[in-house]
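J.: One structure, as structure tokens, below. Some questions next.
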Amino acid sequence: MSDLRAAHALLDDDPDEACAIAGDILREDPANAAALFLIGVANTRAERFGTALAIYERVTRLVPKKSEGWNNLGMCLTETGQHQEAREAFKRAIALDPKPSYMGNVAAAYISEANYTEALRWCKRALVLEPEHSGAHGSMGFAKLATGDWSGWKDYEYILGGRFRKEVKIGDEPRWDGSPVDSLFVYGEQGLGDEIMYASILGDVRAKVTLECDKRLQGLFKRSFPHLEVHGSRRADRDWADGRTFDAGCAIGSLASLYRPTPESCPQKPYLVADPERRLQWRALFDSWGPKPVIGLCWSGGRATTQRKQRRMGLEVFRPLIESTDAHFVSLQYTDATEEIERTGLAVRHIHRAVQSPDYDDTAAFVAECSRIVGVHTTIHHLAGAMGVPSTVLVPHRPMWNYASGDRLPWYAAQVYHRQRANEAWADTVKRLD
């Protein structure tokens, strides 16, 4: 047991050594559930969810009356897209120990399946037991927002500082609560599309704002928000911050809780300005192809935690649209799509320096010259919406929270949703496009 305590003490600082100690224990005692559980925790923290899943399955067989094993199994099932099985595991944990965190995990599993009504019900159960539970509030926020209730932004704030919303500080500045300040540090968070979407609020802020964004957005944001001090230092050194102090700091996503109480409060006006010279270059190229509209396509996107499976449709589904439309088609895939294009034989151009550039100013100018964008929801639709370029978002039958209600993202006017029906193949969804 002393060896196992030593392994636990090493989990944060040296997880490999902790696993090695637990492995030595298992060599002598292969059914040691505590040692297996520790290895499962280490793999979960390293986001090796498939490995951790197999370990927790073994743990729950060895000690079926330990709630922690069922809860951790549920988390790994969620991460691997097995949401129904995840709910069953969480409910087994709750039957053994009705913790609010387990109830919040049930809610999160329902959110992954776009069942927001059930998610809200489980959040409320958790909050009866622990009114300030951050995970339950976070899930409640997503569920409310998904159903058009933008009071959910207040609940969304509970997960700031967690795994998906890292908090950044330059010094000891407090979180901004919206009260008057002279200097404000605003920092990007989550994905590139989120930074673009929430940037629509920056013009409402009455303070001297210093904005930290993804390096790829620096030029685009500097041009679009000339009144701000912009640094593309997210995930990089902040040399500019040496000796600086601010009255307050604010995650860019937190601006929504202060300035967007309802979907109707979004001005729906273009706010990003593409580089005029680069636009001219792309326009000259498009014109050289002949006098037809240029339609941009995106057919896959996302990560494992953002519906990658549902958003992977493949270029082939666009064959009817491409073959029946008198237009030039371009790829807006952010990875190299040339092999897939060649394999389908479809008339689609993939231009690396437009969509795989480390400078999003190249992509913005390219998109700004397109006549229309069609495809699954990726950062490209945020970019198009922020510049007023018409776009059609192909929304999965089980949508993410921000695509669950309405006919477009409230931030953008020139955007429409085209929803996949239940049990409908993406090819059939595309055939229904106007």
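The values are calculated or read from the model by the stated rules, or taken from the named source; none is laboratory data. Because the structure is predicted, anything quoted here is derived from the model rather than measured. For neighbour counting, all protein chains shown are included, and Cβ atoms are generated from backbone atoms with ideal geometry for every residue, glycine included.
J.: Please give the strands (runs of 3 or more DSSP E) falling wholly within the stretch 336-434 in which 3 or more residues are surrounded by fewer than 22 Cβ atoms within 10 Å (Cβ to Cβ).
T.: 415-419
J.: Can you name the number of the only condition in (1) free of Cβ contacts under 8 Å to residues at least 24 places away in the same chain; (2) closer than 30 Å to A114 by Cβ; (3) surrounded by 21 or more Cβ atoms within 10 Å (Cβ to Cβ); (4) of a type in the set (G, A, S) that A22 fails?
T.: Condition (2) is where A22 drops out.
J.: Here is a check on your reading of the model: is T44 within 16 Å of N72 (Cβ to Cβ), surrounded by fewer than 19 Cβ atoms within 10 Å (Cβ to Cβ) and under 28 Å from the mean Cα position of the chain (by Cα)?
T.: Here the answer is no, as T44 does not meet what is asked.
J.: Do any residues in the stretch 336-361 that are within 27 Å of R223 (Cα to Cα) have Cβ atoms under 8 Å from those of residues that are of a type outside the set (D, E) and assigned to a strand (DSSP E or B), where the two are at least six apart or on different chains, and which pairs are they?
T.: Once the first residue is within 27 Å of R223 (Cα to Cα) and sits in the stretch 336-361, its partners that are of a type outside the set (D, E) and assigned to a strand (DSSP E or B) give H350/V330; H350/S331; I351/V330; I351/S331; A354/V330; V355/S331.
J.: Here's another thing I want to ask about it. Taking the condition without any contact (Cβ under 8 Å) to a residue 60 or more places away in the chain and either assigned by TED's automatic domain parsing to the domain that holds P293 or in contact with a strand residue (DSSP E or B) (Cβ under 8 Å, 6 or more places away or on another chain) (or both), does S371 pass?
T.: no
J.: For the stretch 74-89: of the residues being without any contact (Cβ under 8 Å) to a residue 40 or more places away in the chain, closer than 18 Å to G104 by Cβ and out of contact with any Leu (no Cβ under 7 Å at 6 or more places or on another chain), which is surrounded by the fewest Cβ atoms within 10 Å (Cβ to Cβ)?
T.: The extreme case among them is Q84.
J.: Given (1) free of Cβ contacts under 8 Å to residues at least 24 places away in the same chain; (2) under 21 Å from R5 (Cα atoms), where does R48 come up short, assuming only one miss?
T.: Every condition holds for R48 apart from (2).
J.: Considering only the stretch 176-289, give the strands (runs of 3 or more DSSP E) lying wholly within it that have at least 2 residues that are in contact with a Ser or Thr (Cβ under 6 Å, 6 or more places away or on another chain).
T.: Of the strands (runs of 3 or more DSSP E) lying wholly inside the stretch 176-289, those with at least 2 residues that are in contact with a Ser or Thr (Cβ under 6 Å, 6 or more places away or on another chain) span 208-212.
J.: So is A46 of a type outside the set (S, T, N, Q), closer than 30 Å to A119 by Cβ and touching a Pro at 6+ places or on another chain (Cβ under 8 Å) or not?
T.: yes
J.: Continuing with this model, one more query. Only one of S265, S233 is within 28 Å of the chain's Cα centre (by Cα), modelled with pLDDT of 95 or more and closer than 17 Å to I201 by Cβ. Can you tell me which?
T.: Of the residues listed, the single one that is within 28 Å of the chain's Cα centre (by Cα), modelled with pLDDT of 95 or more and closer than 17 Å to I201 by Cβ is S265.
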